[in-house]
Amino acid sequence: TNNGWENDQGGGLEDIGAIQAIHLMLIQTIDTALVLFPAWPVDSSVSFTQLRAAGAFLVTASWDHGEVVSPFHVTSLAGAELVLAKPWSKVCVQHSSSRGDQVAGQILVKDRVGRGLPDVDPHGRLTVKTVKDQHYALFKC
């Protein structure tokens, strides 16, 4: 060791869990809901590209001035139901196929009991039924 770091043929930062700690600051699943930037400092900007999330999703998102930047993107790898802790009081979804074809226009997302988001607590959850290999843009509307 020339700088106090043990060279045990390991992965360095990966071995001590630093990467996992940063990942958990950016994205977590809490009580089955995907939560964006649950532990990121409010006054610090950050973005990530295609982080894996529970339920077989790839997520790309940005954070600026204490808020999720609109839009953020989710790719469904398995067609699972996406349960999301809402980043804004009103959320719309636009999705396209893996070929890039536009499948639908703007869709006002509804919560688990079918209420439109304007009728739901702004800190609640929303559910999006996804299709395998579809790309979803979620944005403030």
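The values are calculated or read from the model by the stated rules, or taken from the named source; none is laboratory data. Bear in mind the structure is a predicted one, so any value in this text is a computation, not a measurement. Every residue, glycine as well, gets a Cβ built from its backbone with ideal geometry; the counts of neighbours run over all protein chains shown. The protein model used for the area step is the full one, side chains on, heavy atoms only, and it has no ligands, DNA or RNA in it. Shrake-Rupley method; radii C 1.70, N 1.55, O 1.52, S 1.80 Å.
Observations on the structure shown:
- Test result for Val109, in contact with a Leu (Cβ under 6 Å, 6 or more places away or on another chain), open to solvent by less than 50 Å² (accessible area, probe 1.4 Å), closer than 13 Å to Leu138 by Cβ and at pLDDT 95 or above: no
- Selection count where residues are closer than 8 Å to Ala85 by Cβ and open to solvent by 50 Å² or more (accessible area, probe 1.4 Å), scope the range 26-37: 1
- Residue in the range 1-47 that is modelled with the lowest pLDDT, counting only those that are touching a helix residue (DSSP H, G or I) at 6+ places or on another chain (Cβ under 8 Å) and of a type in the set (Val, Ile, Thr): Ile19
- Cβ-Cβ under 6 Å pairs, at least 6 apart or on other chains, the range 50-74 side on the phi > 0 side of the Ramachandran plot, far side in a strand (DSSP E or B) and surrounded by fewer than 16 Cβ atoms within 10 Å (Cβ to Cβ): Gln50/Leu58
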